[in-house]
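Trainee: Quick one: this structure, given as structure tokens, is what I'll be asking you about.
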Amino acid sequence: MELSFSTADEVVAQLGQPVTAQRKTTVRIRPAVGVEVFHRSYGDLTAVEGQDWVLMPVDGGQPYPCKIDIFEETWVPETYKRKALSRLIQVPEGVTVTLNTLEGKTKVSHPDYITLGERGEVYSNPADWVANNLEFVDP
């Protein structure tokens with residue numbers, strides 16, 4: 001089965017309620033330079049100068065883009081530890097989902113997760129990344 005989503009509401013309507021998790025890691029940030037593309041196994045993410053920060057996990061994980069205004073709303077500025085909780089839905093077995101993220105189109109399938117953003121945007125996170133970087137909490 002193949003599905004395609006652009007918003008968190010679409011994901012919840014098809015796949016159910018998300019679980020909630022808190023980010024374990026902290027990041028450093030830098031401005032995007034021109035247009036930068038970050039290649040991932042699940043698709044390419046794009047950062048645009050003046051629109052995105054490039055987030056660099058202090059644990060040495062791969063850098064990734066984040067819209068500047070969303071970053072300002074969802075991260076603690078003094079430490080750059082994420083203050084917003086993540087809401088995730090694990091992709092069911094046998095399902096492949098195309099996500100139209102703010103940074104580009106990605107594909108995600110089981111056992112990976114769809115992350116629902118604060119403004120209804122959607123992202124993909126590999127299951128191993130979720131296990132290493134998030135702690136599930138009661139909402």
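Trainee: So residue 26 passes all but one of these: (1) surrounded by 13 or more Cβ atoms within 10 Å (Cβ to Cβ); (2) in contact with a Gly (Cβ under 7 Å, 6 or more places away or on another chain); (3) more than 19 Å from residue 12 (Cβ to Cβ). Which condition number does it fail?
Mentor: (2)
Trainee: Could you give me the residue pairs with C-beta distances under 7 Å whose first residue belongs to segment 128-139 and is surrounded by 15 or more Cβ atoms within 10 Å (Cβ to Cβ), whose second residue is modelled with pLDDT under 85 and assigned to a loop (DSSP other than H, G, I, E, B) wherever it lies, and which are 6+ apart or on separate chains?
Mentor: That search, which allows pairs on different chains as well, returns 133/24; 133/25; 134/24.
Trainee: Kindly evaluate residue 4 against the criterion of being more than 26 Å from residue 138 (Cα to Cα), among the hydroxyl-bearing types (Ser, Thr, Tyr) and touching a helix residue (DSSP H, G or I) at 6+ places or on another chain (Cβ under 9 Å).
Mentor: Values: more than 26 Å from residue 138 (Cα to Cα): yes; among the hydroxyl-bearing types (Ser, Thr, Tyr): yes; touching a helix residue (DSSP H, G or I) at 6+ places or on another chain (Cβ under 9 Å): yes.
For residue 4, the condition - more than 26 Å from residue 138 (Cα to Cα), among the hydroxyl-bearing types (Ser, Thr, Tyr) and touching a helix residue (DSSP H, G or I) at 6+ places or on another chain (Cβ under 9 Å) - is met.
Trainee: Filter segment 69-84 down to the residues that are within 14 Å of the chain's Cα centre (by Cα) and part of a helix (DSSP H, G or I) and list them by number. Please lay out each step first, then the result.
Mentor: Looking only at segment 69-84, we keep the residues that are within 14 Å of the chain's Cα centre (by Cα), and these are 70-71, 74-75, 82, 84.
Across segment 69-84, the qualifying residues are 70, 71, 74.
Trainee: In segment 49-68, what count of residues is obtained for those that are surrounded by fewer than 15 Cβ atoms within 10 Å (Cβ to Cβ) and over 15 Å from the mean Cα position of the chain (by Cα)?
Mentor: Counting residues in segment 49-68 that are surrounded by fewer than 15 Cβ atoms within 10 Å (Cβ to Cβ) and over 15 Å from the mean Cα position of the chain (by Cα) gives 5.
Trainee: Considering only residues that are at positive phi and either in contact with an Asp or Glu (Cβ under 6 Å, 6 or more places away or on another chain) or modelled with pLDDT of 95 or more (or both), which ones fall in segment 68-108?
Mentor: Matches in segment 68-108: 94, 104.
Trainee: Out of 16, 60, which single residue is free of Cβ contacts under 8 Å to residues at least 12 places away in the same chain and of a type in the set (Gly, Ala, Ser)?
Mentor: The match here is 60.
Trainee: Let me ask another. For residue 121, are the conditions met, namely being crowded, with 18+ Cβ neighbours inside 10 Å, among the acidic types (Asp, Glu), under 23 Å from residue 10 (Cα atoms) and in contact with a strand residue (DSSP E or B) (Cβ under 9 Å, 6 or more places away or on another chain)? Give the derivation first.
Mentor: Numbers: crowded, with 18+ Cβ neighbours inside 10 Å: yes; among the acidic types (Asp, Glu): yes; under 23 Å from residue 10 (Cα atoms): yes; in contact with a strand residue (DSSP E or B) (Cβ under 9 Å, 6 or more places away or on another chain): yes.
Criteria met by residue 121.
Trainee: Another one. Being outside any strand (DSSP E or B) and closer than 16 Å to residue 133 by Cα is true for just one of 61, 50. Which residue is that?
Mentor: 61
The values are calculated or read from the model by the stated rules, or taken from the named source; none is laboratory data. These numbers were taken from a predicted model, which means no experiment stands behind them. Glycine also receives a Cβ, built like all others from the backbone with ideal geometry; neighbour counts cover every protein chain displayed.
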